[in-house]
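Below is one structure, written out as structure tokens; comments come after it.
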């Protein structure tokens, strides 16, 4: 068995070296703690042990340039997971979604790996940060330990605290969000309070681990429902500036600001229903429906008046990833847009700074473009994802090509609403109808 990198093994062992696990390890290392990461991908293991982040595209806020901090983090391949047995606290940060549905497989595997350790003299403290269905605590965690002869409380304690931070938003970093924690014993709750107190988090204690686990799917379901409502309003009221009205509505103390768009992407929010379906019998699953068909329908409605104009143009689609600075295109609204453009016979190419031309070709089955140089070869742009590279597109240098009229700019999320465009450009934000044009509130002069 491979020997640990440190003379004495770290207190903290994080299972999963992706965005969630690695960012937690960096946060702990920044506080002077040593951390081990157990990771399935040997490439990520190698990168972490070479003192590099697991991905080239990691948001800078989740990484560190401090060599001393990097030295406090080591990675272990999951094939050698037994090396991690000396750690008293194990934090599970593995993916729990596959092919668009909630998936307990990775959680089950990690539970089995920990349960393969020798029976401890005092209980392991196991904290689950992954989004899970509460029923998995019984079917994918306790069942694994029971099968290995472990006793709850004597050999292990389970706690849950699903992640809430937003990876690309420093204002919503791990230390700045409130953490809901819940455990099956006072000991695990105290351990979680120490862990998150060390990181500077405010914690709220749930009655138990099951309740803490359920908060995340419910939070995501509320968010999915609200975003989908904003999209639906814009789709069925195309003559109204729904995005402007939603901005006004968000001035109410209990109303968040939602902007209509062409859909919801990523791992968590669009599959919230799936985690809840896993909790109920077949007779109640229909209360938590999948909304992907509705999103397709609303996107087609939102684009109904735009597609005819794009058919006569060369269209540059900017942004494949579903979110800023996150190289994840799972259920990206861009893929939905490309299907619609292709079905309408439009000519288009795609760019995203996080993806290579070969990756774009393989994922989108379309040519990539070199940004910003190739924009001069197009006469329409659809901004799907507001990547930093797109914050200052030089539109003043662009001219409409071939006499097709003004350079057409379609903005999926309103990211460019506050920009000033030259007369040669026509700007359209999804959800902005003709009636009730609203200036951004910050620009209104009430004098």
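The numbers here are math on the coordinates, done by the rules we state, and not lab data. This structure is a prediction, so every number in the text was calculated from the model and none was measured. We place every Cβ from the backbone using ideal geometry, glycine too, and count neighbours over all the protein chains shown.
Once you place label points 7 Å from the Cα toward the Cβ at residue 79 and residue 419, how far apart are they in nm?
4.8
Compute the FRET efficiency between residue 169 and residue 65 as 1/(1 + (r/R0)^6), taking r as their Cβ-Cβ distance and R0 = 25 Å, and round to the nearest 0.05. Let's see the in-between values first.
Values: r = 20 Å, r/R0 = 0.81.
Once rounded, the FRET efficiency stands at 0.80.
Have a look at the DSSP beta bridges in the chain and tell me what percent are antiparallel, nearest 5. Can you show the working numbers first?
Numbers: 5 of 52 bridges.
About 10 percent, rounded to the nearest 5.
Going by how many other Cβ atoms sit within 10 Å of their own, how do 298, 267 line up, fewest first? Numbers along the way, then the final one.
On the way: 298 23, 267 18.
The most exposed by this proxy come first: 267, 298.
If I take every Cα pair under 8 Å that is 6 or more residues apart in the chain, average their sequence separation and divide by the length, what percent do I get for the relative contact order?
Details: 852 pairs, mean separation 51.2, N = 447.
Relative contact order for the chain comes out at 11 percent.
Multiply the residue gap between residue 248 and residue 285 by 0.36 nm, knock off their C-alpha separation, and tell me the result in nm, one decimal place. Display every interim value, and only then the final one.
Values: separation 37, 0.36 × 37 = 13.32 nm, distance 3.56 nm.
Value of the extension gain: 9.8 nm.
Can you work out the FRET efficiency for the pair residue 177 and residue 118, with r the C-beta to C-beta distance and R0 = 35 Å, to the nearest 0.05? Please list the in-between numbers first.
Values: r = 37 Å, r/R0 = 1.05.
Taking R0 as 35 Å, the efficiency between residue 177 and residue 118 is 0.45.
Tell me the Kirkwood radius of the chain: reciprocal of the mean inverse pair distance over distinct alpha-carbon atoms, in Å. Before the final figure, lay out the partial values.
Values: mean 1/r = 0.0419 Å⁻¹.
Across the chain, the inverse of the average 1/r is 23.9 Å.
So what is the 222 nm mean residue ellipticity for the chain from helices alone, if each DSSP H run of at least 4 adds -39500 (n - 2.57) and you divide by all residues, rounding to the nearest 500 deg cm²/dmol? If you can, show how the numbers build up before the last one.
Details: 13 runs with 129 residues, N = 447.
My calculation for the chain gives -8500 deg cm²/dmol from helical runs alone.
Estimate the FRET efficiency between residue 392 and residue 204 by the formula 1/(1 + (r/R0)^6), using the beta-carbon distance for r and 30 Å for R0, to the nearest 0.05. Provide the component values of the computation, followed by the final result.
Numbers: r = 40 Å, r/R0 = 1.35.
It comes to 0.15.
Can you sort 240, 57, 136 by how many other beta carbons sit within 10 Å, fewest first? Walk me through the numbers before you get to the answer.
On the way: 240 17, 57 13, 136 25.
Starting with the residue having the fewest Cβ neighbours, the order is 57, 240, 136.
Answer rounded, prolate or oblate for the stretch 1-133, using the Cα gyration tensor with square roots of eigenvalues a ≥ b ≥ c: rounded when a/c is under 1.5, else prolate when a/b is larger than b/c, else oblate.
Working: a/c = 1.64, a/b = 1.09, b/c = 1.51.
Because a/c hits 1.5 or more and a/b fails to exceed b/c, the stretch 1-133 counts as oblate.
Classify the stretch 278-330: rounded, prolate or oblate, from the alpha-carbon gyration tensor (a ≥ b ≥ c, eigenvalue square roots; a/c under 1.5 rounded; otherwise prolate if a/b is larger than b/c)?
Numbers: a/c = 5.56, a/b = 1.77, b/c = 3.15.
Cα axes put the stretch 278-330 in the oblate bin.
Where a ≥ b ≥ c are the square roots of the eigenvalues of the C-alpha gyration tensor, would you call the stretch 164-299 rounded, which needs a/c under 1.5, or, failing that, prolate if a/b is larger than b/c, or oblate?
Details: a/c = 2.83, a/b = 1.54, b/c = 1.83.
Since a/c reaches 1.5 but b/c is at least a/b, the shape of the stretch 164-299 is classed as oblate.
Relative contact order of the stretch 12-207: what whole-number percent is it, with Cα pairs under 8 angstrom and at least 6 residues apart? Walk me through the numbers before you get to the answer.
On the way: 361 pairs, mean separation 35.2, N = 196.
Rounded, it is 18 percent for the stretch 12-207.
Under a plain spin-label model, where a point goes 7 Å from the Cα along Cα-to-Cβ, how far apart in nm are residue 294 and residue 311?
So the two model labels end up 3.0 nm from each other.
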